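Working notes, structure below.
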Amino acid sequence: MDFLPTELQKYVESHTSPETELLRRINRETHLNILKPRMLSGHLQGRVLAMLTHMIRPRYILEIGTYTGYSALCMAEGMQPDGKLVTIEVNEELANLTQAYFAESPFDQQIDFHIGDAQEIIPTLSYTWDMVFVDANKETYPEYFELILPQLRSGGFMIIDNVLWSGKVTTDDQKDKATASIKAFNQMVHDHPGVENVLFPIRDGLMVLRKI
């Protein structure tokens with residue numbers, strides 16, 4: 001869901017740095033060939049992620065929810081030269097396509113791509129994360145948060161996608177489990193004494209938090 005009027009959205013994107021040719025192709029081919037292309041971060045959100053990584057200069061990045069690799073490649077742009085980006089995707093049908101995109105990029109040797117359940121894989125990883133991006137099963141967001149926070153360095157950042165859930169977070173429909181889960185997660189983060197947070201109304205909502 002776009003929260004800005006169409007013409008204003010176009011203006012914003014036209015005054016945002018362009019995608020690389022590879023990202024533009026991933027964007028186009030994902031929309032043409034892959035189920036639920038709305039899951040792709042896309043131009044504006046991708047440039048936001050790239051800008052944040054250039055600002056943070058992370059050495060170790062964790063991503064939960066690779067999809068076709070667009071967001072991972074955006075974040076890799078600002079990673080330190082000796083950095084590592086670990087990305088986890090549960091859908092093995094996307095693995096070959098995504099790996100091929102990574103292989104075309106300048107960051108292939110820095111990306112560690114896993115297929116499987118993030119809740120099982122994360123405890124096996126020994127990194128201290130500088131930056132984490134979560135864009136996966138929305139009802140599992142609280143579990144991801146609790147699992148990752150101890151591995152996030154003090155002053156490190158976690159970014160969580162889709163926290164406005166197409167605007168449904170402003171409704172009181174208790175029968176919509178996904179919306180109720182997102183609302184509970186947003187409140188949990190907001191009330192947590194160990195983090196500072198800002199909810200940005202970018203695309204479908206980005207929760208950006210810093211570990212204190």
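Counting pairs of alpha carbon atoms under 8 Å apart in space and at least six apart in sequence, what relative contact order in percent does region 161-212 give? Write out the running numbers ahead of the final one.
Details: 62 pairs, mean separation 21.4, N = 52.
Dividing the mean separation by the residue count of region 161-212 yields 41 percent.
Once the dipole of region 71-212 is set up with Lys and Arg at +1 and Asp and Glu at -1 on Cβ about the Cα centre, which of 169, 111, 134 lies farthest towards its positive end?
169
Which percent of the accessible area of region 1-154 is formed by carbon and sulfur heavy atoms (probe 1.4 angstrom)?
On the way: 4040 of 7640 Å².
Ligands and nucleic acids excluded, carbon and sulfur reach 53 percent.
Shape call for region 6-65 from the C-alpha gyration tensor, a ≥ b ≥ c root eigenvalues: rounded (a/c under 1.5), prolate (a/b greater than b/c) or oblate? Walk me through the numbers before you get to the answer.
Values: a/c = 1.98, a/b = 1.17, b/c = 1.68.
Oblate is the answer for region 6-65, as a/c is 1.5 or above yet b/c matches or exceeds a/b.
Rank-order 10-22, 173-185, 149-161, 42-54 by packing density, defined as the average count of other C-beta atoms within 10 Å over each peptide's residues, highest first.
My ranking of the peptides, most packed first, is 42-54, 149-161, 173-185, 10-22.
Which percent of Cα pairs goes in each bin when the distances of region 103-212 are cut into 10 angstrom slices starting at zero?
Whole-percent P(r) values from 0 Å outward: 13, 42, 33, 11, 1.
Determine the relative contact order of the chain: mean sequence separation of Cα pairs under 8 Å and six or more apart, normalised by residue count, in whole percent.
For the chain, the relative contact order is 18 percent.
Once all Cα-Cα distances of the chain are split into 5 Å bins that start at 0, what whole-number percent is in each one?
Each 5 Å bin holds this share of Cα pairs: 1, 7, 15, 20, 22, 17, 12, 5, 1, 0.
Compute the length gained on full extension between residue 120 and residue 212: take 0.36 nm times their separation in residues and subtract their Cα-Cα distance, giving the result in nm to one decimal. Each step should come with its number before you reach the end.
On the way: separation 92, 0.36 × 92 = 33.12 nm, distance 2.61 nm.
Extra length available between residue 120 and residue 212 comes to 30.5 nm.
Using the heavy atoms of the protein chains and a 1.4 angstrom probe, tell me the accessible area per residue for the chain in square angstrom. Write down the numbers at each step before the final one.
Working: 10490 Å² over 212 residues.
Each residue of the chain exposes 49 Å² on average to a 1.4 Å probe.
What is the gain in length, in nm to one decimal, between residue 200 and residue 171 on full extension, counting 0.36 nm per residue of separation less the C-alpha to C-alpha distance? Spell out each step's value before the answer.
Values: separation 29, 0.36 × 29 = 10.44 nm, distance 1.86 nm.
Contour length minus the Cα-Cα distance gives 8.6 nm.
With a 1.4 Å probe and all protein chains left in place, how much of the accessible area of region 155-194 comes from carbon and sulfur atoms, in whole percent?
Numbers: 1150 of 2030 Å².
Answer for region 155-194 is 57 percent, counting heavy atoms of protein chains only.
Order these peptides, 65-71, 162-168, by their mean beta-carbon neighbour count within 10 angstrom, highest first.
65-71, 162-168
What does the charge dipole of the chain about its Cα centre add up to, to the nearest 20 debye, if the Cβ of each Lys and Arg holds +1 and the Cβ of each Asp and Glu holds -1?
Working: 19 positive and 29 negative charges, 92 e Å.
Approximately 440 debye in magnitude.
Pairs to check: 84/183; 10/36; 84/177. Give those whose C-alpha atoms are more than 29 Å from each other in this structure. Intermediate values should be presented prior to the final figure.
On the way: 84/183 32 Å; 10/36 22 Å; 84/177 35 Å.
Violating the 29 Å limit, Cα to Cα: 84/183; 84/177.
The values are calculated or read from the model by the stated rules, or taken from the named source; none is laboratory data. As the structure is a prediction and not an experimental result, all values here were calculated from the model. Quick reminder, even Gly has a Cβ in these numbers, built from the backbone with ideal geometry, and neighbours come from all protein chains shown. Quick note on the areas: whole protein, heavy atoms, side chains included, nothing else; ligands and nucleic acids left out. Shrake-Rupley method; radii C 1.70, N 1.55, O 1.52, S 1.80 Å.
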